[in-house]
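Scroll down for the structure; my scribbles are underneath it.
The values are calculated or read from the model by the stated rules, or taken from the named source; none is laboratory data. The model shown is predicted, which means the values in this text are computed figures rather than measured ones. Here the Cβ is made from the backbone with ideal geometry for all residues, glycine too, and neighbour counts use every protein chain on show.
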Amino acid sequence: MYNPLSKKATEFISNEEILETIEYAQKNKRNAPLINSLIEKAKECKGLSHREAAVLLECQLPDQNEEVLKLASKIKEQIYGNRIVLFAPLYLSNYCINGCVYCPYHRQNKNIPRKKLSQEEITREVIALQDMGHKRLALEAGEDPANNPIEYILESIETIYNIKHKNGAIRRVNVNIAATTVEDYRKLKNAGIGTYILFQETYHKQRYESLHPTGPKHNYEYHTEAMDRAMEAGIDDVGLGVLFGLNMYRYDFIGLLMHAEHLESSMGVGPHTISVPRIRPADDIQVEDYKDAVTDDIFAKIVAVLRIAVPYTGLIISTRESQRVREKLLDLGVSQISGGSKTSVGGYANSEPLDEETAQFDINDHRTLDEIVDWLLGLGYIPRFCTACYREGRTGDRFMSLAKTGQIANCCHPNALMTLKEYLEDYASSQTKERGDKVIKQQIVLIPNKKVRSLAAHHLAEISEGSRDFRF
């Protein structure tokens, strides 16, 4: 029944295939010859199948597990270098008609204040985000056709792109809203969104339906097939994700990779990003209610094997996780993180109690964006605010072809340094600026192409003198 080319959710995410894969992986968890061969295959940076990846995740051999972690770190360095993309979520509205039992926005929750931002309030939120230094946002909104229709989302995107405050500008708006129609996805494409993001939560159909007892999200097939409709509408950068802890992690790990394989097979390009959130406490939500909660060690291994299995897909970790966990996962494969985040509606421009009460979940990393940037610099990373690939049309298969040939380094590295320089000049504390300028001097010599390196150095000098928005 498993068919990655099928357009039916229950065929490209086959329950039978997942269960067989789990059984196969458990039978081979100490099969050293097989595991060693998979590690060798992964070194080619061409990825692994869901079944091969499941074996590495299940591996019970200490030496081979250590090899897996080392390989994930090496692949991350080879493809993404030391660049880390930074973004922030922007919650537009917590009105929602779904009954998702793990989310405080569910319609039965009478404790949480309901709030929807006006365009004027969105402007204040965006200015506050620009004043931090953010250039990339992920829009979040509950599913409610009356309060959050597609027209509201489109108007909000237009508002955001048109806000220019001092040297600030949001250059890429990613969108995380409920599954919708091809027609609506075309509207989002025409509005200039970056990545369309939709978390599956869990790929186990029965578990999914029990977690979403009411509302349109209850429809497993419609939700799971959403990325096909989005890509049919012309959105070629899509972001997958599950909420680890809602179901057995092995099942959802395999389902996630099967979904990626389906997109690669049927649409010609896999997911641009994969997010790996874990269940967190929130209003009327207790983590203890979820017996499948994932430990830190297992979580780290999940990230490492994902990096090996889908080497050219960005991996995202949010402020759900602590500084300690995020630091470990950065080394194992994470390439994008949020910083200075608020998960409440209106939380950036205001700090009133009402705004905190509208939070979707508790965050673990409360540091400011500048503290995050300084921390990354101290760890040897380049905090990256670049949105050039999206604005230059290097999306979907065009981005992947550049990434797989290694040519992306001549774009990504100089763009990362130039956008970091913008941040240092406009928003950084004196300590962060001093550290960042040193890193730029050390890193510019690593740009492979001599001509690009020379032009980047020229643009960096221009940025110091007040010019902005250079890109390759």
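Odds and ends about this structure:
- Restricting the range 94-132 to residues that are among the hydrophobic types (A, V, I, L, M, F, W, C) and in contact with an Asp or Glu (Cβ under 7 Å, 6 or more places away or on another chain) leaves a set whose member that is nearest to Y423 (Cα to Cα) is L117.
- Top-ranked residue in the range 364-393 [being under 22 Å from E321 (Cβ atoms) and surrounded by fewer than 18 Cβ atoms within 10 Å (Cβ to Cβ); ranked as modelled with the lowest pLDDT]: N364
- Residue in the range 412-426 that is closer than 23 Å to D237 by Cβ, in contact with a Leu (Cβ under 9 Å, 6 or more places away or on another chain) and not assigned by TED's automatic domain parsing to the domain that holds H458 present: no
- Residue selection: R207 satisfies the criterion of being of a type in the set (K, R) and over 21 Å from the mean Cα position of the chain (by Cα).
- Matching residues, the range 425-450, being modelled with pLDDT under 95 and not aliphatic (A, V, I, L, M): P448, N449, K450
- Filtered by the rule that a residue be closer than 25 Å to Y105 by Cβ and of a type in the set (S, T, Y), the range 314-348 gives S318, T319, S322, S338, S341, T343, S344, Y348.
- Condition check for K70: touching a Gly at 6+ places or on another chain (Cβ under 6 Å), on the phi < 0 side of the Ramachandran plot and part of a helix (DSSP H, G or I): no
- Top-ranked residue in the range 445-472 [being assigned to a loop (DSSP other than H, G, I, E, B) and small (G, A, S); ranked as farthest from I79 (Cα to Cα)]: G466
- Subset of the range 364-396 (residues that are outside any loop (DSSP other than H, G, I, E, B) and more than 19 Å from the chain's Cα centre (by Cα)): D370, E371, D374, W375, L377, G378
- Taken as a whole, the range 350-361 holds no residue that is in a loop (DSSP other than H, G, I, E, B), modelled with pLDDT of 95 or more and surrounded by fewer than 21 Cβ atoms within 10 Å (Cβ to Cβ).
- Considering residues of the range 213-253 that are farther than 21 Å from S266 by Cβ and basic (K, R) only, the residue surrounded by the most Cβ atoms within 10 Å (Cβ to Cβ): K217
- Any hit, the range 14-35, residues being surrounded by fewer than 19 Cβ atoms within 10 Å (Cβ to Cβ), in contact (Cβ under 8 Å) with a residue 60 or more places away in the chain and over 23 Å from R307 (Cα atoms): yes
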